[in-house]
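Participant: Pasting in a structure now, in structure tokens, and then I'll have a few things to ask.
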Amino acid sequence: MSGRIKQYGPGHIVGVANKVCVVEAPPHSEWLQRDDWCFVVFAFPNERLANLWYVSEPELKQHDFLPPSDGVQLFSMDIRYLPQMGKNTFNWMELTDIKSKSYLQSEYIDKAARLLDSKCVNHGVVFVKDSAVDEKLNRMKDTWIPYKTMTNFALHLYDSEDQFWSIYNSEEYRPLREARHQLCNTTSLLFTVDPRIA
């Protein structure tokens, strides 16, 4: 793929992940139907330049890009702050069908933020509270992200997958995970991008 996309303009490829771990997903989620997912993470100085790259990159419009893939999905999101350099393990979370946004905020999001702060995780690098109306989410091409009002999205960066699992399986996180399960459905994806593939 990186051989076919040449015109990064002012942006760059952060890295490519050819292995995605589905940590959590609702029973009928498409994430559970197959195991050949791939993520590519790009960084651009702003949304305007990301959009300019998208409309001017000819390979993205080719019907055979990428073979033998059954589709490329693209979206861009504003980051809330610059994460620490060298963190290449990403945790993408979708919290859908939220029963109570205020309870989710107080019983999961706020408490999880304090725990992740104590573990030096760059949590909430991206955080979208309402995918139906939030202008920070830019669906470029065939993105899976639904237009739902009771949906949050978050992106967290970890030092490694081992760091993620040590927190996820910890006694400190267990009651937070249980509270989250009571308040919403969760899709959680874990992947590490290789910066050498760029």
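The values are calculated or read from the model by the stated rules, or taken from the named source; none is laboratory data. Remember, predicted model here, so these are calculated numbers, not experimental data. Ideal geometry is used to build each Cβ from the backbone, glycine not excepted, and the neighbour counts take in all protein chains shown.
Participant: Would you check if THR149 is modelled with pLDDT under 95 and more than 13 Å from the chain's Cα centre (by Cα)? Talk me through it step by step, then tell me what you get.
Facilitator: On the way: modelled with pLDDT under 95: yes; more than 13 Å from the chain's Cα centre (by Cα): yes.
Here the answer is yes, as THR149 does meet what is asked.
Participant: Can you name the residue in segment 38-73 that is touching a Lys or Arg at 6+ places or on another chain (Cβ under 8 Å) and modelled with pLDDT of 75 or more and, of all such residues, is nearest to PHE191 (Cα to Cα)?
Facilitator: GLN73
Participant: Now for a separate question. Is it the case that some residue within segment 181-190 is farther than 20 Å from CYS38 by Cα, at pLDDT 95 or above, in contact with a helix residue (DSSP H, G or I) (Cβ under 6 Å, 6 or more places away or on another chain) and loosely packed, with under 15 Cβ neighbours inside 10 Å?
Facilitator: no
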